[in-house]
1. Where does helix 12-24 land angle-wise versus the long Cα axis of the chain, in degrees 0 to 90, nearest 10?
2. Quick one: with all protein chains in place, what share of the accessible area of the stretch 16-70 is carbon or sulfur, to the nearest percent (1.4 Å probe)?
3. For the chain, find the longest principal axis of its Cα atoms and tell me its angle to the long axis of helix 41-53, 0 to 90°, nearest 10.
4. Report relative contact order for the chain in percent, whole number only (criteria: Cα-Cα under 8 Å, sequence separation at least 6).
5. How much accessible area per residue does the chain have, counting only protein heavy atoms and a probe of 1.4 Å, in square angstrom?
6. With a/c under 1.5 counting as rounded, go ahead and sort the chain into rounded, prolate or oblate using the C-alpha gyration tensor (a ≥ b ≥ c being the square roots of the eigenvalues; past the cut-off, prolate if a/b is larger than b/c, else oblate).
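The values are calculated or read from the model by the stated rules, or taken from the named source; none is laboratory data. Just so it is clear, the structure is predicted and the values come from calculations on it, not from any experiment. Accessible surface areas use protein heavy atoms only, side chains included; no ligands, DNA or RNA. Shrake-Rupley method; radii C 1.70, N 1.55, O 1.52, S 1.80 Å.
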Amino acid sequence: MAITRRLGALSDRCRESVVRAAAIGRRFSLRLLSAILDIPAEQVSEAIGEAIENGIIEEDYEKEYGYRFT
């Protein structure tokens, strides 16, 4: 499966962040994801950056959301 292969290439922290973000929905904010993961926003931002580099997530400038799944 393509998604399994894409997720398998991510670091553990990034993969956990992506899985938790998916539970929030297609769009999510850094603040909410940070609260759910109970880690500082800076660390979540690094993990999300890895997901962006791998084409899984992209920035979303609509409303209060910061990111969305591709």
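1. 60 degrees
2. Working: 1590 of 3380 Å².
Percent of accessible area from carbon and sulfur atoms in the stretch 16-70: 47.
3. That helix lies at roughly 40 degrees to the long axis.
4. On the way: 71 pairs, mean separation 22.6, N = 70.
Dividing the mean separation by the residue count of the chain yields 32 percent.
5. Numbers: 4570 Å² over 70 residues.
For the chain, the solvent-accessible area averages 65 Å² per residue.
6. Details: a/c = 1.72, a/b = 1.27, b/c = 1.35.
In terms of gyration-tensor shape, oblate.
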